Amino acid sequence: MAKEENYFRSYFSEIKSTLNSINLNKLYDISNLLGSIESSGKKVIFAGNGGSASIASHLTIDFINAVKIRAINFNDPSIITCFSNDYGYENWISKALDCYADSGDVVVLISSSGQSKNMLVGANKAKTLGLDIVTLSGFSSNNPLKKLGDINLWVDSDKYNIVEMTHHIWLLAIVDYIILKSKEEI
C-alpha cells in the first residue's frame, strides 16, 4: 500500500507543480485577447489532436455557453476525414482555417508534444491569414509549435496526461476569469 500512496502523492505533486509553473502574465494576456473577441464580433477557433481535441471541444462549449463568445472547433469527423483524404493529414487544419477563419479571429492550437505536423501547418496558415495564435504545448521547451504562437503556454513535462490536464485546467481558469471579469467581479 505504501508504494501506491507514494505513486499518487508523487503524481499529484507533479500536477500541482506544473499548474503552478505558469507565467501569470501570459494567462492575463490570453484572457484579455480572448475576452476582447466578444466586442469585436469575431470568434475563437480551437484545434487539437486526441485528448487535446477533447479539450478543444470542452472549451468551445464553455466559450459559447458560459462566456458568450463565438467559438468553433474542428472535431467533426467529416471535416477531418474529407480534408485529410483530399489534402493529406498534415494539411487538414490549414484547409479548415481556409474555410472557417475570418480576419481578426483567434486560433488556439493545443498539442502535447508541440510537434504535430497538422498543428504546425495550421499555425503557419493562421499566420498567413493574420490570425492571433495561442499555442499550448509540452515536452521539449524548443518544440516547433511554441515558436509559432503569439502567446504560448508550455508545460515542463513529457507525460501526456500531465500536459493535457495542465492545459485543460489553465484554459478553464481563463474561462472563469473572463466570466468574472465580464461581471466586474475582478
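The values are calculated or read from the model by the stated rules, or taken from the named source; none is laboratory data. Small disclaimer: the values here were computed from a predicted structure and weren't measured. Note that each Cβ is placed from the backbone with ideal geometry, even for glycine, and that neighbours are counted across all protein chains shown.
Regarding ILE69, is this residue surrounded by 21 or more Cβ atoms within 10 Å (Cβ to Cβ), over 25 Å from THR18 (Cβ atoms) and among the hydrophobic types (A, V, I, L, M, F, W, C)? Answer is yes for this residue. Taking residues in region 153-172 that are within 22 Å of ALA71 (Cβ to Cβ) and basic (Lys, Arg), and partners anywhere that are in a loop (DSSP other than H, G, I, E, B) and at pLDDT below 95, not one pair has Cβ atoms closer than 8 Å while being at least 6 places apart or on different chains.
Going by the structure shown, is SER10 surrounded by fewer than 11 Cβ atoms within 10 Å (Cβ to Cβ), assigned to a helix (DSSP H, G or I) and out of contact with any strand residue (DSSP E or B) (no Cβ under 7 Å at 6 or more places or on another chain)?
Working: surrounded by fewer than 11 Cβ atoms within 10 Å (Cβ to Cβ): yes; assigned to a helix (DSSP H, G or I): yes; out of contact with any strand residue (DSSP E or B) (no Cβ under 7 Å at 6 or more places or on another chain): yes.
Criteria met by SER10.
Does ILE55 satisfy the criteria of being at pLDDT 95 or above, touching a Leu at 6+ places or on another chain (Cβ under 8 Å) and under 20 Å from LYS159 (Cα atoms)? Answer is yes for this residue. For region 38-134, the helices (runs of 4 or more DSSP H) that sit wholly inside it and include 2 or more residues that are under 25 Å from THR166 (Cβ atoms) and within 13 Å of the chain's Cα centre (by Cα) are 51-62, 117-128. Residues in region 148-186 that are among the aliphatic types (A, V, I, L, M), more than 18 Å from ILE61 (Cα to Cα) and either crowded, with 20+ Cβ neighbours inside 10 Å or modelled with pLDDT of 95 or more (or both): LEU148, ILE151, LEU153, VAL155, ILE162, VAL163.
Would you confirm, using the coordinates I've provided, whether GLU5 is under 19 Å from the mean Cα position of the chain (by Cα) and part of a helix (DSSP H, G or I)? So GLU5 fails the test.
Please work out if PHE74 is touching a helix residue (DSSP H, G or I) at 6+ places or on another chain (Cβ under 6 Å), surrounded by 16 or more Cβ atoms within 10 Å (Cβ to Cβ) and free of Cβ contacts under 8 Å to residues at least 24 places away in the same chain. Write out each step before concluding.
Details: touching a helix residue (DSSP H, G or I) at 6+ places or on another chain (Cβ under 6 Å): yes; surrounded by 16 or more Cβ atoms within 10 Å (Cβ to Cβ): yes; free of Cβ contacts under 8 Å to residues at least 24 places away in the same chain: no.
So PHE74 fails the test.
The set of residues from region 15-28 being loosely packed, with under 15 Cβ neighbours inside 10 Å and part of a helix (DSSP H, G or I) comprises LYS16, SER17, ASN20, LEU24, ASN25, TYR28.
For region 143-186, taking the residues that are in a helix (DSSP H, G or I) and β-branched (Val, Ile, Thr), the one that is farthest from ASN20 (Cα to Cα) is identified as ILE179. In region 77-114, which residues are exposed (fewer than 15 other Cβ atoms within 10 Å of the Cβ) and closer than 19 Å to LEU145 by Cβ? Of everything in region 77-114, just one residue is exposed (fewer than 15 other Cβ atoms within 10 Å of the Cβ) and closer than 19 Å to LEU145 by Cβ, namely GLY88.
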